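Chemist: What follows is a structure written as structure tokens; I'll ask about it next.
Each reported figure results from applying straightforward, stated rules to the coordinates on display, with no laboratory input. From a predicted model like this one, the values you see are computed outputs, not experimental measurements. Here the Cβ positions follow ideal geometry from the backbone for every residue, glycine too, while neighbour counts run over all protein chains shown.
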Amino acid sequence: MAEKKWRGAARALSGASPDEASSLVPDHLPFARAASILAVIVLAGALFGYDQGVISGALIGIQKAFDVGHVALEIVTSWVTLGALFGSLAGGYGADLFGRKNTLFAASALFIIGALVQAFAPSVPILVLGRLVAGFGVGVAAVAAPLYAAELAPAAQRGRFVSSYQLAITIGIFVAYFVNQALAGPDGWRSMLGVAAVPGVLLALAILVAVESPRWYAKVGRRDDALRTLVALGAEKDAEARLAAIAKSLRAEVKAPSWGEVFAPRWRTPLMIGLGLAVLQQLTGINAIIYYSNSIFAAAGYATPVEQAQATTWGIGAVNVLSTFIAIAFIDGLGRRPLLIAGLIGMALSLAAVGFAFWQSGTQGNLGSSAGLITLVALVVFIISFAFSAGPVTWTVINEIYPNEIRGRAVAVATAVNWGAAFLVSAFFLSLVKAIGQAYTFWLFAAFCVIGLVWVIVAVPETRGRSLEEIEASWRGAPGAAGKSPKS
Ligand code: BGC
């Protein structure tokens with residue numbers, strides 16, 4: 001009921017007919033077009049994921065090769081996140097100025113260069129430089145790829161398209177864990193880092209055959225290119241009407257938005273939702289687990305490095321990939337909110353259980369076998385819950401809630417904030433464990449999930465099945481979005 005009212009109000013405000021409003025991109029893309037768009041998204045996600053997963057396996061080799069201490073290793077680990085943070089800010093500019101495709105092409109070039117610099121680095125400073133460059137590329141792609149996916153996907157499949165990005169991230173992490181195991185050995189770290197150039201090359205090739213976003217063409221006044229692309233996407237009969245509807249949503253835009261516009265009070269609600277989701281995703285502790293699962297499994301009783309690595313590859317890496325399919329299956333049917341709510345409940349309970357297992361053991365060292373088992377099961381439940389909710393839903397919603405006018409920059413800000421939060425959580429996890437112990441650390445993450453749950457229930461509207469224009473119209477004052485009226 002609320003949904004019907006919302007749709008009606010949104011249409012009235014946008015002035016678009018129901019057909020125009022719900023499908024600016026044709027509902028059924030030609031197969032080859034859909035495949036090439038998906039290839040771009042999937043390869044960009046794989047770059048991101050590989051980068052997240054690879055360092056855990058490469059660190060020991062790097063330490064031995066250069067005989068360096070902890071601080072240098074922390075820099076080698078974390079500066080890629082720093083590069084990604086700046087890359088995601090630049091990615092927003094690039095995507096608006098040069099187009100989604102050109103920006104993604106530049107990202108893949110940076111990533112290839114960064115990977116090769118790392119693989120052949122003669123010294124730690126050069127290695128760090130390679131990490132920064134690759135991280136910058138990852139950050140650019142992390143903004144431009146989901147943005148591209150959200151703009152090219154038919155409204156009814158947008159969740160699925162953007163979730164494919166998350167699926168690719170998880171596959172990238174899994175492949176990296178796997179490569180880490182396979183290449184373990186004295187100089188293996190060079191190949192581990194160098195292998196990252198492969199998805200970079202594949203991404204560059206995929207971009208060459210993919211179409212540019214017609215929405216971007218329309219935005220920069222390239223009307224003929226926009227029409228041509230809409231026709232290529234299967235809108236032979238009504239390309240003009242679709243372009244008119246896109247133009248309508250671009251009407252307020254005369255120049256690139258200023259940062260003031262991005263932070264303007266009228267967009268505060270979507271801005272806060274995007275930033276809130278970006279931070280919440282990291283406060284669940286996901287990357288503490290992705291980066292440090294080996295040592296968590298060690299504390300949970302897995303004695304040898306091989307056992308720990310296997311538990312990480314399969315218990316975390318593979319489960320993460322498989323569970324993302326739950327989101328792909330349900331995100332457009334059930335919606336974003338139910339997945340997010342169910343996932344946050346699962347994450348809160350499983351993190352509380354991990355905390356309980358450590359608390360019961362009464363030590364910060366090895367757990368007894370039953371507590372060890374609880375930890376393993378709870379971590380698997382945590383990963384499942386994250387993978388069908390906060391992982392994909394965060395990126396989906398961030399890429400669909402902002403108005404056209406500020407989308408490029410706003411997505412960039414939310415992505416940068418996500419990287420910043422990831423940096424903080426992964427940089428301070430070990431110190432936090434030292435200061436307050438494992439139990440309270442996991443309970444803290446559980447508490448963040450509970451706070452996040454309440455916030456999602458109160459503040460995050462459902463965006464399933466709505467065109468980007470309808471969503472935008474809701475911020476312009478339509479009452480009753482998902483039962484809540486976003487203030488504009
Ligand atoms: C997050 C990453 C995380 C990954 C795990 C992504 O959505 O942004 O920080 O490592 O999910 O699957």
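Chemist: By Kyte-Doolittle mean hydropathy of at least 1.0 and Cα axial length of at least 20 Å, which whole DSSP H helices of the chain are selected?
Modeler: Helix filter hits for the chain: 31-66, 70-97, 100-119, 124-152, 268-283, 336-361, 369-388, 407-459.
Chemist: Let me ask something else about it. Once label points are set 7 Å from the Cα along Cα→Cβ at both Leu334 and Glu74, what is their separation, rounded to one decimal in nm?
Modeler: 4.0
Chemist: Okay, moving on. For segment 199-352, with the dipole built from +1 on Lys and Arg beta-carbon atoms and -1 on Asp and Glu ones, taken about the Cα centre, which of Pro214, Ala245, Val319 lies farthest toward the positive end?
Modeler: So the residue we want is Ala245.
Chemist: Would you mind calculating the gained length between Val377 and Phe263 on full extension (0.36 nm times residue separation, minus the Cα-Cα distance), in nm to one decimal?
Modeler: So the extension gain works out to 36.8 nm.
Chemist: Ordered by packing density, taken as the mean number of other Cβ atoms within 10 Å over each peptide's residues, highest first, how do 308-320, 215-227 rank?
Modeler: The most tightly packed comes first, giving 308-320, 215-227.
Chemist: Pairs of lysine in the chain with Cα under 18 Å and at least 8 positions apart or on different chains: total?
Modeler: 6
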